[in-house]
Structure formats: C-alpha cells, structure tokens
Amino acid sequence: MNSLVRFEPKTVTEVAESIRDAATRGRVLRLRGAGTWMDVGHAVQADAELSLGAFTGITSYRPEDLTLSAGAGTTLAELEAATRVHGQWCPLFPWGDDRGTVGATIATGTAGPFAAQLGRPSTLALGVECVDGTGRVIAAGARVVKNVAGFDLTRAVTGSWGTLAVITQVHLRLRSQPAVDETWALAATESTDATVRAFADGPFAPLGCERVSAPDARELGLGAARWLVRIGGNATLVAAARGAIRALGVAYEVDARTWNAIRQRGAPAARATLWRWDSLSSRLRERFDPARVLNRGLLGEVA
C-alpha cells in the first residue's frame, strides 16, 4: 500500500488531470471513497489511487422537490442528518453502514434490505457528474425527477465499479419518512416461510422483510425470531400490516436500530468472493438451492 502513487484532487479539473496522468504513465488506477470496501467486489492490483475525499458536502437540497445533490465523498450519515430535519430520508440504505459514501454506493450499485420497496441505486440516482477514462468531464442525467430522453448514462455508470467513469457528484431522489415506522421480529417456522414471503409480496408489503439466521438472532437479542420485518406508512395501513404479521406467528416489536446490525452483517467481508443477486436477500435460499445441486460443497449451507 505504501508504494501506491496517490492522487488527492480537490476539483473536478484536478480529477481529470490525475486520470490523464495515470493513463499517460500506464498506471493502473483505483478509486477510493471512505475506503471501507477496498478488497471486495472488483478489487484490482493497482499502482495508483485516486481519492474522492475532498468531494464532500451537500451542494443542493430542495425539500419541496424531494431532490438532493452531494459530492461523491459525502457519507450516508451526512445525508441522513440533513434530510431527517425535513421529515425526509435518502433511501440508500446499502449493506454495510452509514460511514460509506454516496459515490461508492452508486458506483457499486449496492442495494440493501429495503431496496425492493424504497428503490435501488439505479432508480434513486437522477444524475451524476463524472470523469471518464480520457479525462473528459461529463454531466449525465439531471437534478430533477423528470429527465430528458436519450441514452441513460447515469444507469450505465451505476454499478460499474468505476470502470466507466469516476463519479464526483450525485443527484438523488428522496422520499418522505412514513408517519408510522415499526420493526417486528417474527418467530415463524420453516414450514410457514412461504407464507411470510407471500405477505411480503401482498397488499401490506413491508419496507423490509429479511430472513434471520439462528446465530444472528441470538447475537442480536431477537430470541427465536426467524424474520425481521419493517412496516411503514399511515396509521391505518400500519395497523393492518401489524395484524397480518401477528397472524403469521409469534411476533414482537423490536428496536429499529436492529436493521443497522443486519446491514453490517450483509456487507461483504474483506477479500471474500462477492456474489451479486438481483433479488431480495430473504430469497437467497431458493436462489442458492439450484446452484448447490450443481456445485455441492462450493456454496455450503445457507442459514
């Protein structure tokens, strides 16, 4: 790590100059946000590193439009603090924790336990400012929800792991916080798992519905819980959803901060193989089962 050539640009122009310099010298350049996931996913053996640490802060926030723009190095915790004051939130709750940056979340396309209901990075990113491999500065998308027609470069960059461009700024779609927000632990049995999944797809679809392993349930103080469910909306909707949850098995309300621990457990470990699935995490078992038949011993058991 000490032998890496480090670029620490303060402006977009300096980012472009750094990229051109690395290309001219034939350096393999990797990007760094908060630096929490440097050894997972598309990790590279780089000899140069470009930091986005200077690109922090909210550059534009229009609560009346539910839109926000921020530098790529801005942490998710900063976005949470700024939007909560207005009864809003940025629904980027990726696996990991809120120390991660918004630029890295969009660049890796990292979703989380609430993505199915609140939106994935590809749908929440309205636009980006980025610099491509030739050092060209590009403004893709827009700051508004209604966008122009044409090739959607924002979605192309989202999830590209920095292979197409360096994201320097992101324009995001926000959401209003629900009037009522509750988290429930559900001690359903394996035989009723299908019923829980049906509930998650039904008229009272929760904000999040995650399968919890027995070891995690014990460590998190959830007792015999097999599922963690988050419901939100107006009082009438939440009351109906609450009744539906109780009908599925023994259910009890728990601290909403439990989701933070669940997100951290869902983050890929350093130097681990990263499997990317376009599916709810609660459905990994049914996705893994066919693969396990073909690769016995490779995937192991899914709790």
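None of the figures in this text is laboratory data; all of them are computed from the coordinates on show. Note that the structure is a prediction, hence the values are computed from the model and not measured. Ideal geometry is used to build each Cβ from the backbone, glycine not excepted, and the neighbour counts take in all protein chains shown.
Each Lys or Arg adds one and each Asp or Glu subtracts one; over the other residues with Cβ under 14 Å from the Cβ of residue 168, this totals -2. Can you compute the label reach from residue 175? Point 7 Å from Cα along the Cβ direction, backbone N cut-off under 17 Å, restricted to the range 183-226. Inside the label zone: 183-184, 200-210.
Between residue 77 and residue 20, the C-beta separation translates, for a Förster distance of 22 Å, into a calculated FRET efficiency of about 0.10. Here the extension length gained between residue 163 and residue 13 equals 52.1 nm, from 0.36 nm per residue of separation less the Cα-Cα distance. Spin-label model, residue 28 to residue 190: label points 7 Å out along the Cα-to-beta-carbon direction sit 4.4 nm apart.
Remark on residue 92: its backbone amide H falls under 5 Å from none of the residues 5 or more positions apart or on other chains, H modelled at 1.01 Å from N. Projecting label points 7 angstrom from Cα along Cα→Cβ for residue 156 and residue 64 puts them 3.5 nm apart. Cα-based values for the range 95-253, radius of gyration first and Dmax second, are 19.3, 58 Å. Electrostatic tally near residue 89: other residues with Cβ closer than 14 Å to its Cβ, Lys and Arg +1, Asp and Glu -1, net 0.
For residue 48, the amide hydrogen comes within under 5 Å of the amide hydrogens of 5, 28, 30, counting only partners 5 or more places away or on other chains and with H modelled in the peptide plane.
Amide H contacts under 5 Å for residue 59: 69, 70, 71, restricted to partners 5 or more places along the chain or on a different chain, H placed in the peptide plane at 1.01 Å from N. Full extension of the chain between residue 86 and residue 257 gives 59.5 nm of extra length, using 0.36 nm per residue less the Cα-Cα distance.
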